[in-house]
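One structure below.
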Amino acid sequence: MKPLKLTLLLLTLISCLDGFGQEETNEYLEFNDRNNVVHGVYVGINMGVGEIDGENAYMGGLKIAYVANQQFEVGFASNFLYSEQDIYNNSLSRYEDLIAVYGGLHLEPILFSKNRVNLSFPLLLGAGAVGYVDNKFRHDDDFEEELTEDDFDAVFVAEPGVNALFNISRYLQIEAGVKYRFSSKIDLPPTRITRINGFTAGIGIKVGIFNMGRNRYKKNVQ
């Protein structure tokens, strides 16, 4: 009987030691059993200054975009452009400035997305309209211009650029960069300006959620 009792005692001791060794520790291993897609959405506003045909130009814009994995944006962007041209219109006997409104597809690949400061390459592909207004528009706040379809011409625009993105928080980004605008030819009297090509340097703010939908799990390391 003694060998049997000794054997049972050893088995009981081994079982206790094994159970003690399997106690949970404070060490965890992060893993992901399926593709981890980080989603984001935001609304952005921006403003900039530049030039068209050697004269000052001012721009304001609005963007709405979806962000995939903090690495690529796709959405819609629109811009309003005003340039102090002071072109004399003989038929109307007045000096005129140029205005333009255009919008379309917004694409923006992002590099170094895990860093506090990112580098991105925005691109706007779209269309809009260009026209002229009396330059009294910028001097007299009460001045009203009556515009018709004949006062505008259609234009197609491609606007690539480069931006620095500053990640202030999960919900806020600041951007600063430079863009160059390529446009189709316009035919609108006075005909001194045939394209609205030009550089624009600007800053902007994006408000939204840039890293929602994370898919993370933890497993105890034994």
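The values are calculated or read from the model by the stated rules, or taken from the named source; none is laboratory data. Note that the structure is a prediction, hence the values are computed from the model and not measured. In this analysis, Cβ positions are derived from the backbone assuming ideal geometry, glycine residues included, and neighbour counts consider all displayed protein chains. These accessible areas exclude ligands, DNA and RNA; they are computed on the full protein's heavy atoms, side chains included. Shrake-Rupley method; radii C 1.70, N 1.55, O 1.52, S 1.80 Å.
The table for this structure:
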| quantity | calculated |
| --- | --- |
| Leading residue by the ranking (least open to solvent (accessible area, probe 1.4 Å)) among those in the range 166-206 that are closer than 15 Å to MET47 by Cα and among the hydrophobic types (A, V, I, L, M, F, W, C) | ALA176 |
| Residue satisfying all of: in the range 176-213; more than 17 Å from VAL157 (Cβ to Cβ) and in a loop (DSSP other than H, G, I, E, B); nearest to the chain's Cα centre (by Cα) among these | GLY213 |
| GLU55 vs. criteria more than 30 Å from ASP151 (Cβ to Cβ) and at pLDDT 55 or above | no |
| Single match in SER83, SER113, SER91 (criterion: crowded, with 18+ Cβ neighbours inside 10 Å and over 22 Å from VAL157 (Cα atoms)) | SER113 |
| Hits in the range 55-69 (condition: aliphatic (A, V, I, L, M) and crowded, with 21+ Cβ neighbours inside 10 Å) | ALA57, MET59, ALA65, VAL67 |
